[in-house]
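What follows is a single structure, written as structure tokens, with notes after it.
Values in this text are rule-based calculations from the coordinates and carry no lab data. Note that the structure is a prediction, hence the values are computed from the model and not measured. With ideal geometry, Cβ positions are generated from the backbone for all residues, glycine too; neighbour counts draw on all protein chains shown.
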Amino acid sequence: MIRSVLGRLSILAATLALSTMAHAQYANHGSSGQGWEGGFDVVYQNATTLDFDGGSKVNTNTDWGLALTFGYRFSTHLEVLFGLDWADVDYRANFVLQTGGITQATGSYQAFTPRINVQYTLLDRPISPFAMAGIGYTFVDTNIPNGRPSTGCWWDPWYGYICGTFQNTKSVDELEYNVGAGLRWDINRTMSLRFGYERHWIDLNDASSTPGFDQLKVGIIGRY
């Protein structure tokens with residue numbers, strides 16, 4: 001499926017390149033100079049395998065996510081972006097027990113990643129490639145039970161007393177860093193489209209190596 005998505009993005013990028021002449025009137029297309037911008041991206045994350053100390057293994061599925069961005073342009077080419085990525089990813093896991101046996105599990109994890117990126121746009125034109133790099137911190141809820149269930153009640157001002165059973169789950173928070181490249185199209189003076197590929201790494205303490213995640217992003221930006 002990742003090949004299909006890449007193929008479609010390639011066709012779209014070629015189509016956008018052909019439209020450059022139609023937008024030649026934007027000689028000063030509005031991304032020049034200082035200013036603020038904000039937007040969001042739809043994220044497609046490819047499947048990957050995470051290997052852990054002791055032989056345990058987690059296989060994540062391809063899945064979708066969202067990213068919100070807010071940034072400041074110092075010039076036509078240089079800007080700093082603040083982002084928040086969210087993903088809900090299905091996985092299959094093989095856990096090695098202390099007895100040497102293996103137990104299997106399936107589920108999904110949720111990840112939130114606040115981050116800061118530096119982006120450099122190569123050309124002062126309506127359509128231009130860009131490169132970026134950044135660092136962040138990822139908070140992951142694995143949804144794997146990490147304690148006994150407990151029941152509690154609380155008062156809700158609309159519904160009265162509500163009772164329920166809860167169970168703590170295993171959560172991790174680790175350093176994240178990333179690099180990427182893509183194509184930016186300034187449609188007009190206040191709106192842009194962005195197509196990019198990014199590689200993200202999470203510095204998991206118990207992993208036998210630093211796992212990496214491939215992402216494709218398609219987003220829209222408003223400039224102020």
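Some notes on this structure:
- Residue in segment 169-189 that is of a type in the set (S, T, N, Q), in contact (Cβ under 8 Å) with a residue 12 or more places away in the chain and within 30 Å of G152 (Cα to Cα) present: yes
- Qualifying residue in segment 163-176 (condition: buried (at least 17 other Cβ atoms within 10 Å of the Cβ) and under 19 Å from M132 (Cβ atoms)): yes
- The residues listed here are G182, G160; of these, the one that is of a type outside the set (V, I, T) and exposed (fewer than 12 other Cβ atoms within 10 Å of the Cβ) is G160.
- Scanning segment 152-206 for residues that are farther than 30 Å from N117 by Cβ and of a type in the set (V, I, T) gives I162, T165.
- Residue count for segment 50-62, restricted to those that are within 11 Å of A207 (Cβ to Cβ) and either among the charged types (D, E, K, R) or part of a strand (DSSP E or B) (or both): 6
- Matching option when the condition is out of contact with any Cys (no Cβ under 9 Å at 6 or more places or on another chain) and within 30 Å of Y224 (Cβ to Cβ), among L50, L97, L122: L122
- If you go through segment 63-96 and pick out every residue that is farther than 23 Å from M191 by Cβ, touching a Phe, Trp or Tyr at 6+ places or on another chain (Cβ under 7 Å) and of a type in the set (V, I, T), you end up with 1.
- You will find that of R189, R223, R199, the residue that is under 30 Å from P126 (Cα atoms), crowded, with 17+ Cβ neighbours inside 10 Å and charged (D, E, K, R) is R223 and no other.
- Number of residues in segment 60-98 that are crowded, with 16+ Cβ neighbours inside 10 Å and under 14 Å from the mean Cα position of the chain (by Cα) equals 10.
- Among the residues of segment 202-220, those identified as surrounded by 15 or more Cβ atoms within 10 Å (Cβ to Cβ), in contact with a Ser or Thr (Cβ under 9 Å, 6 or more places away or on another chain) and more than 20 Å from T69 (Cβ to Cβ) are L204, P211.
- Residue in segment 123-139 that is surrounded by 14 or more Cβ atoms within 10 Å (Cβ to Cβ), closer than 30 Å to F95 by Cα and over 18 Å from the mean Cα position of the chain (by Cα) present: no
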